[in-house]
Amino acid sequence: YCLNNKPVLDFIGQENIIFKNLFIHEYRIVEKSPKSCFRISFIDKLFPDCKFVFLKRDGRSNINSLIEGWKGPEKYKRKEVEKWKFILPPGWENYKEKSIEEKAAFQWTESNKAAMHSLNKIENKRKYTLKYEDLIESPEKSIKEMADFIDIPICSGLKKFSKELPEVNYVSKPDKEK
C-alpha cells in the first residue's frame with residue numbers, strides 16, 4: 001500500500017485535523033468492515049485520538065458462519081478474485097485450492113491475530129473488547145457499556161436497537177448456540 005508511506009500518512013493526518021478543526025469539533029466515524037483488522041495501525045496513525053471496539057466472537061461459531069457463507073449465496077463473492085469469498089488476509093493465495101473449512105479457519109485466525117497484535121500497541125483507555133456472545137445474550141447491557149466507552153448517550157433509537165438487534169448479513173439466523 002502506498003499509504004504506508006510516512007509522508008503520505010502525515011499529509012492525510014494533517015488534512016484530517018485541519019478539516020476537523022475548521023468544520024466539525026466533535027464527530028464519530030464508524031468503520032466496521034472485517035478487513036479493518038489489517039488496518040488498525042494505519043487507522044490509529046490517521047486518527048490518533050480514535051477509540052477501537054473489537055467485536056470478538058468464539059472461533060468455532062464464527063468459522064461455522066464463514067463456512068455457511070462460503071457454501072451459500074454468491075453475494076459474498078470477491079469480484080477481483082475468482083473462487084474467493086470474504087476478506088483477503090495476507091497469504092490468502094496459499095489457500096485458493098484448500099477446502100472451504102481450511103479457508104474459513106484461515107480467515108478467522110489471521111483476522112484475529114492481526115487485530116490482537118495491533119490492538120496490543122494501543123493504550124487500554126482507547127480500546128474495548130465486546131464479546132459477540134455477550135452482545136447476543138445481553139444486548140442492552142452490552143450496548144450501554146459500549147456507548148459509555150465511546151462516550152455517546154443512549155438515545156431512544158439506540159435503546160430500541162438494543163432491545164431487538166437487527167438481523168443483517170447472515171446466511172442462517174444468528175444464534176448463540178450456533
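Brief remarks follow.
- For region 150-156, 3J(HN,Hα) per residue [Karplus equation, 6.51 cos²θ - 1.76 cosθ + 1.60, θ = phi - 60°, Hz, x = Gly/Pro]: 8, 6, 10, x, 8, 8, 4
- Amide hydrogen neighbours beyond the local backbone of K131, cut-off 5 Å, H modeled: K56
- One decimal place: the segment E101-F161 gains 18.3 nm when fully extended, by the rule 0.36 nm per residue minus the C-alpha distance.
- Computed on protein heavy atoms with a 1.4 Å probe, the accessible areas place R126, R60, R39 in the order R60, R39, R126, largest first.
- Rh by Kirkwood over Cα pairs, then Stokes-Einstein D for region 35-178 at 0.890 mPa s and 25 °C, µm²/s: 145 µm²/s
- Inter-label distance, nm, simple model (7 Å from Cα along the C-beta direction), T129/K71: 3.0 nm
- For region 81-94, the Karplus equation 6.51 cos²θ - 1.76 cosθ + 1.60, evaluated at θ = phi - 60°, returns couplings of 9, 6, 6, 9, 10, 6, 6, 10, x, x, x, 4, 4, 6 Hz by residue, with Gly and Pro reported as x.
- Heavy-atom accessible area, probed at 1.4 angstrom with all protein chains present, ranks I152, I40 as I152, I40, highest first.
- 3J(HN,Hα) along region 43-48, derived from phi through the Karplus expression 6.51 cos²θ - 1.76 cosθ + 1.60 where θ = phi - 60°, amounts to 4, 5, 5, 6, 10, x Hz, with x in place of Gly and Pro.
The values are calculated or read from the model by the stated rules, or taken from the named source; none is laboratory data. This one's a predicted model, so the numbers in the text were calculated from it and none came from an experiment. Every residue, glycine among them, receives a Cβ derived from its backbone with ideal geometry; neighbour counts consider all protein chains shown. Just so you know, the surface numbers come from the protein's heavy atoms only, side chains and all, with ligands and any DNA or RNA stripped out. Shrake-Rupley method; radii C 1.70, N 1.55, O 1.52, S 1.80 Å.
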